[in-house]
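Remarks on the structure that follows.
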Amino acid sequence: MNTTVMGSNKEVRKGKLSQMNDQSADKAKISVNDLDLFYGEKQALYRVSLDIQEKEVTALIGPSGCGKSTFLRTLNRMNDLIDGVKISGEIEIDNENIYQSSDVIKLRTKVGMVFQKPNLFPMSIFDNVAYGPRMQGIKNKKELNKIVEESLRGAAIWDEVKDRLKTSALGLSGGQQQRVCIARAIAMKPAVILMDEPTSALDPISTLKVEELIANMKKDYTIVIVTHNMQQAARISDKTAFFLNGEVIEYDETSNIFSMPKDQRTEDYVTGRFG
Amino acid sequence: MNTTVMGSNKEVRKGKLSQMNDQSADKAKISVNDLDLFYGEKQALYRVSLDIQEKEVTALIGPSGCGKSTFLRTLNRMNDLIDGVKISGEIEIDNENIYQSSDVIKLRTKVGMVFQKPNLFPMSIFDNVAYGPRMQGIKNKKELNKIVEESLRGAAIWDEVKDRLKTSALGLSGGQQQRVCIARAIAMKPAVILMDEPTSALDPISTLKVEELIANMKKDYTIVIVTHNMQQAARISDKTAFFLNGEVIEYDETSNIFSMPKDQRTEDYVTGRFG
Amino acid sequence: MRRFKDNLLRGLLWFSAFLTVAVLVIIVGYIFYKGFRLINFDFIFGDYSPVGHGGIWPMIVTTIYTIVISLLIATPIGILSAVYLQEYAKQGRLVRMIRFATESLTGIPSIIYGLFGAVFFVTTLKLGMSIIAASLTLTIIVLPVIIRTTEEALKTVPPAYREGSLALGTTKLQTLYKVILPSAMPGILSGIILSMGRIVGESAAIFLTAGTVAAMPDSIFSSARTLTVHSYLVTQESGDIELAAAVGIVLIVIILVLNLSATFISKKLNKADY
Amino acid sequence: GNNNENGKDSSNGSGGTISISGSTSVGPLAEKIADKYKEKNENVNIEVNQIGSSAGITNATSGVSEIGMSSRDLKEEEKVGLNETIVAYDGIVVVTHPTNNVKDLTMEQVKQIFTGEVTNWKQLGGDDMEIVVVSREDGSGSRDAFQEIVGYTSGELIRNSIVASGNGNIKTTVATNKHAVGFISFEYIDDTISTLKINGVEATAENVLQQKYSLSRPFLFVHKEENLSQAGQQFIDYILSPDGQAIVSEAGAIPVN
Amino acid sequence: MPSPLSEKQIVDIGKSNKRKYILEKFSARLFLFCALLSVISLLLIIGFVFYKGAHPFIAEGYSFIDFIFGMDWVPSEGKFGIFPMIVASIFATFGALIIGVPIGLFTAIFLAEIAPKTIAKLISPAVQLLAGIPSVLYGVFGLAIIVPFLQNNLGLAKGQSLLAVIIVLAIMMLPTIVTVAETAIRAVPKTYREGSLALGASQIGTIFKVVVPAAKSGIMAAIVLGLGRAIGETMAVILVAGNSLILPTSLTDSVRPLTTNIALEMGYAFGTHQEMLFATGIVLFSFILLLNFVLAKIGSKGGK
Ligand SMILES: Nc1ncnc2c1ncn2[C@@H]1O[C@H](COP(=O)(O)OP(=O)(O)OP(=O)(O)O)[C@@H](O)[C@H]1O
Ligand SMILES: Nc1ncnc2c1ncn2[C@@H]1O[C@H](COP(=O)(O)OP(=O)(O)OP(=O)(O)O)[C@@H](O)[C@H]1O
Ligand SMILES: [Mg+2]
Ligand SMILES: [Mg+2]
Ligand SMILES: O=P([O-])([O-])[O-]
């Protein structure tokens, strides 16, 4: 079934995209077309269309409540969990319409996520990080140990927790918890990682480490990150999308967005003159 | 009783302070001496001593887990709620030892707080903001309306919520929630406001607004703010304290901390070379 | 004024707790005071005889049978029902209906359950007056208790746990038994403890379905007498309050042991998570 | 479980399970006799369920139990297909609180008490205090018999009488209330309550047998012919035997002679 | 970082996902089925009670109005009026609610919020333990202690009374209400308490304005379950109610609630009498449904 859907969608997609963004049409890892999203009666996203390139970091910026988190959460269908959410439009990842395929599990294994607030489980640090791999059926202790260590190192938290892996993860400070959350997502080695202000609770040191990490991961992974920190967006991202009231106002190379935005509102926002 | 305590304490305090910081001895709004804090066995603060001046903004910076939040929470005795917390040393606010006086309620009315994670109650927005004043016995509808509007305006959130004051506060986005939290604290018109990374969930626009607000409030209030954002600390604070592993490494005028720190570790940290 | 109100309320809180504890202490004290004299090895472990006070070992065994069987059936069904209501169902007519049904079941007097069990399980399903017929009846009685308490426990699990787990590509089922149920465990357990209490305390529903045969049951298809039914008959027919109280003491000890083991198990479960 | 089938299986020998259910008044007596009987016939198992006369009769009719016990006469509608055997008689005695100094009543006075014509012990030669009447529940064998012999109907029973379920309940109620008067079966007499003479006659088994004391009623075993196993028949025979009747006396009930 | 999954593994995951989805679907059905079992049970019980209880009115020509509003209950004379019992049931239930709910909730709040940990750790299990004490023993206690107490202190001829029923039921509700409500209150997130306290609210203010409202749903559950216990209780009530067939006019009158009427006579009832006891069950049932309905209404109103 999937194949037919894929085939037919591809054509639609190609057709659409060729009008907009010729050279990147075939490489787009994630392709969003005309996405509308409603929370019950309230519309939160308006005709959002954007192509996210593979092995790049895409930053989503915009004022609070503009729909960044909402958009991010459609990419791994986390909004499915909320009652009364209606979605129209198309989202394709690897040329597959994620709302037509029914394999949400595969989607979410492929598209990892780090949330705005740390949401560790009431388990040990080790079990938190090993959670995803275990659920995929990895039982081997050595392998798990390896995954957990790598992931924690990757999230720049290994040294702080290596002696207390078996203690509750909820005893950590906010920043520490958030970094374990990142480790937990990394442990799944997803293809795409969605991050919703992952560093908003981190100190500059950890933030830098995570930024470095993101820069590193970019080699293999596609990353979409929501951030309120302009500098961060400027530092780490390749492309930036500016959201306002549920619409994408401008989407371009990060350097363009910050140095020569086309839209007045973008300029106002990135220079802090907005509102 | 208070007067005697005050009298006797004053002398001790003066004696101590005169050795350290003569000219500000009499003006210190909050004076902390030799504060040790333990979570059960684990020591989280080591001999912290610092004087916080009235009508100034004092920023607390330092890497994640260094004890900033812990310190902040001793100032309004929020740590009393955690089992197994042991405190030694002295904290005086307005020359009154807050751990000797038993009137925690008065202390907390005087010392407001905004937390790291938004923690609105499951009530309407209006009821959240009116909560504190109501608890103080204010029943008059007009008065409450006025307080709520002023506070929400003060937290730069009025326009976004004025049409939905009676709906649940939990339906707001993270940033919106945090700003309502600030409004809730402002509504109490406290003398001191403690803020634990109040803008970490806000976009730059709201952040700027809140920073402006803080600058404004400084005229009347004493503000202590934990932040991970160096720029923010530099922009808004008069004094900055750098924490590391539960100790205050350096405490000075903000300009000094950022331009000519005395301690190598401070310098490393503020320039991002740390770790 | 506010102070005064606070102090008044605080006083009421202390007073209520004191009252509760006092009442409970008096009741337990009374039961022990009345029945303690009869407690000895023969009374507890001896075989029943219709003359004198008789041993109560067959009733102890029957009581344990009913607890175990009813809980074995009711606990999974109850928990899964609650899971359905909280985690799976879309709020709608069906859920309202189920909820209404469970709530109504809590209010039905046990005598009606007894009559129903006697007609449905004993006669229609031809189970005869037996431990199994009583256990099935008890299952229906405690089902709403387990459902309701489990639902409440599930509600307290933060949504962030669900999101966190699902975002890692796990199924609802995995999320359920790895994250949600473990963090809801204490609440579920208190529901199970309440249910045990209800099972142990039941008389009307049991004597109509299991009967009152005062002999060691051969199997779960035997008719038999539980401790509570025993103390009921004794109170009702011979007015021997000492004997009823002595049986009560044994019941209290059994419940105590069950509660402690339930708590122990939950601690174990929690440990296993770390 | 399938008592019924067990019973049939054993219809050739004298082993198997005999299931008996019914009256809570007859139950203890049946248990005692069964206990003795089992000592002699080890391969017999007797289940005695005390669940009320009506339930016992229903069970005997439906075959859930082999034998039903009743402490009252069967209603016409209940009689269809059931055989009755009187296995004992039971005396009923009027009881009061031990401190009550009224010790003897006429049958007429008993009637006046229970119908509410007399409401103060003073009127009966006792202290000046209200009478609290304690009766059994409607349908109880004891109550049926008591009312019939004393000569009043349920409709005439004083309205605010306490209604207690079971002999034990009446006993406890009367034993803890100085005002109270009730009636219980001979089997349950002890020193927590005081027993009254009726028309000057002491409530004893002898007096019942000599027909001097008229408050008594039969204890019945009922069964359906086709459900009664050989073992069951043998058990009924045993009860009616001198051995069985000796146990009846011992238990405080009155033998059938 | 190299891609962690080889081709083969990816295929495996695809397969196991299929299994997962099948399991997922199956489990959802199973859960629904479990949930429906309660409905089925309820329907069976209702069907059974109605089948038995409606018979006299449909087939034997008894009037339902006379049944509900009749003042006389003399089964042997064919008089079946349960009005006094209805009144007794209502008084007993509300009386128990009025006493038991506040005391139970306040105790729960005390244990969850105020009591020192050591004390709470001692009392909570003790209270749970009491949920398991058979109702007969509560009845014995009521008969041996409460009834004489009322009789002596209120100067009555007999202590079996509406008041005794109310007290015994209130006591019996306590363990259920305390246990369920305490769990619910403890589950309220700490951040709510912190937020309120940091605003200078007193501990008591915080408890009553933030914590208790946040635990509302659990508290309603506690009340519903406690009420269920009170309405469904028979054995203890039989012993202390007196079971007189009079219309109660004061707390000291002895009464016969609907449940005791059923339990008291069912063992001896036959034919129409038995059916009328089932009809009593129907009335009781309607009473319970009505109460649940009202509570649900109150619950959703408080939720706004
Ligand atoms: N579950 C929900 N139900 C109804 N409305 C919602 C829900 N979640 C979010 N919204 C609304 O949708 C809009 C977009 O919210 P979203 O959380 O995506 O904003 P955001 O850009 O992530 O903001 P922030 O930077 O504050 O996190 C907001 O107006 C918000 O109030
Ligand atoms: N309730 C607690 N029990 C035990 N240890 C705690 C508790 N709260 C905090 N800690 C520990 O105390 C130390 C200081 O924590 P604190 O939350 O004050 O750090 P922080 O500087 O605010 O960090 P962040 O920037 O991540 O919020 C950390 O090592 C933390 O693990
Ligand atoms: Mg967001
Ligand atoms: Mg902190
Ligand atoms: O219990 P009885 O039927 O013998 O009164």
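The values are calculated or read from the model by the stated rules, or taken from the named source; none is laboratory data. Just so it is clear, the model here is predicted, and its values are computed rather than measured. Glycine also receives a Cβ, built like all others from the backbone with ideal geometry; neighbour counts cover every protein chain displayed.
Below are the figures for this structure:
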{"read-out": "Odd one out for D:Ile170 among (1) without any contact (Cβ under 8 Å) to a residue 60 or more places away in the chain; (2) within 14 Å of chain C (Cβ to nearest Cβ); (3) farther than 30 Å from D:Tyr37 by Cα", "value": "(1)"}
{"read-out": "The listed residue being more than 16 Å from ligand 5 (Cβ to nearest atom), in contact (Cβ under 8 Å) with a residue 60 or more places away in the chain and not polar (S, T, N, Q), out of A:Leu170, A:Leu120, A:Leu165", "value": "A:Leu120"}
{"read-out": "Set B:Ile98, B:Ile125: member being crowded, with 20+ Cβ neighbours inside 10 Å and within 16 Å of ligand 1 (Cβ to nearest atom)", "value": "B:Ile125"}
{"read-out": "Candidates B:Ile182, B:Ile186, filtered to the one that is away from ligand 2 (no atom under 16 Å from the Cβ), within 14 Å of chain A (Cβ to nearest Cβ), under 21 Å from the mean Cα position of the chain (by Cα) and in contact (Cβ under 8 Å) with a residue 12 or more places away in the chain", "value": "B:Ile182"}
{"read-out": "Entirely in the stretch D:1-93, the helices (runs of 4 or more DSSP H) that have 3 or more residues that are at pLDDT 85 or above and of a type in the set (D, E, K, R)", "value": "D:26-40"}
{"read-out": "Every residue from the stretch B:194-237 that is within 13 Å of ligand 1 (Cβ to nearest atom) and among the charged types (D, E, K, R)", "value": "B:Asp203"}
{"read-out": "Only listed residue being farther than 19 Å from E:Glu233 by Cα, crowded, with 24+ Cβ neighbours inside 10 Å and more than 11 Å from chain D (Cβ to nearest Cβ), chosen from C:Val247, C:Val213", "value": "C:Val247"}
{"read-out": "Residue list for the stretch A:66-92, restricted to those being away from ligand 3 (no atom under 16 Å from the Cβ), within 24 Å of A:Ala28 (Cα to Cα) and among the small types (Gly, Ala, Ser)", "value": "A:Ser88, A:Gly89"}
{"read-out": "Residue within the stretch B:133-140 that is touching a residue at least 12 places away in the same chain (Cβ under 8 Å), away from ligand 4 (no atom under 16 Å from the Cβ) and in contact with a Cys (Cβ under 9 Å, 6 or more places away or on another chain) present", "value": "no"}
{"read-out": "In the stretch A:194-215, the residues that are more than 9 Å from chain B (Cβ to nearest Cβ) and at pLDDT below 80", "value": "A:Val210, A:Leu213"}
{"read-out": "Single residue of the stretch A:200-216 satisfying the filter (touching a strand residue (DSSP E or B) at 6+ places or on another chain (Cβ under 9 Å) and closer than 17 Å to B:Val270 by Cα) that is nearest to ligand 2 (Cβ to nearest atom)", "value": "A:Asp203"}
{"read-out": "Only one of E:Ser89, E:Ser27, E:Ser41, E:Ser76 that is facing another protein chain (nearest Cβ under 8 Å), closer than 30 Å to D:Ile158 by Cβ and part of a helix (DSSP H, G or I)", "value": "E:Ser76"}
{"read-out": "Those residues of the stretch D:135-167 which are more than 7 Å from chain E (Cβ to nearest Cβ) and within 20 Å of E:Gly139 (Cα to Cα), in sequence order", "value": "D:Ser135, D:Arg136, D:Ala164, D:Gly166, D:Asn167"}
{"read-out": "Options D:Ile57, D:Ile92, D:Ile46, D:Ile51: the member that is crowded, with 23+ Cβ neighbours inside 10 Å, among the β-branched types (Val, Ile, Thr) and more than 16 Å from ligand 5 (Cβ to nearest atom)", "value": "D:Ile46"}
{"read-out": "Breaking point among (1) free of Cβ contacts under 8 Å to residues at least 24 places away in the same chain; (2) surrounded by fewer than 20 Cβ atoms within 10 Å (Cβ to Cβ); (3) within 16 Å of ligand 1 (Cβ to nearest atom), for B:Glu143", "value": "(3)"}
{"read-out": "Criterion: under 26 Å from E:Ala108 (Cβ atoms), of a type in the set (S, T, N, Q) and surrounded by 20 or more Cβ atoms within 10 Å (Cβ to Cβ) - qualifying residue of C:Thr75, C:Thr62, C:Thr66, C:Thr20", "value": "C:Thr20"}
{"read-out": "Residue match in the stretch C:164-185 (condition: more than 12 Å from chain E (Cβ to nearest Cβ), surrounded by 19 or more Cβ atoms within 10 Å (Cβ to Cβ) and among the β-branched types (Val, Ile, Thr))", "value": "yes"}
{"read-out": "Failed criterion for A:Lys162 (all others in (1) away from chain B (no Cβ under 13 Å); (2) more than 16 Å from ligand 2 (Cβ to nearest atom) hold)", "value": "(2)"}
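Every residue, every condition in (1) modelled with pLDDT of 90 or more; (2) within 14 Å of chain B (Cβ to nearest Cβ); (3) farther than 23 Å from A:Lys106 by Cβ; (4) within 16 Å of ligand 5 (Cβ to nearest atom), yes or no:
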residue: A:Gln23; (1), (2), (3), (4): no, no, yes, no
residue: A:Lys27; (1), (2), (3), (4): no, no, no, no
residue: A:Ser31; (1), (2), (3), (4): yes, no, no, no
residue: A:Glu41; (1), (2), (3), (4): no, yes, yes, no
residue: A:Leu45; (1), (2), (3), (4): yes, yes, yes, no
residue: A:Val57; (1), (2), (3), (4): yes, no, yes, no
residue: A:Gly62; (1), (2), (3), (4): no, yes, yes, no
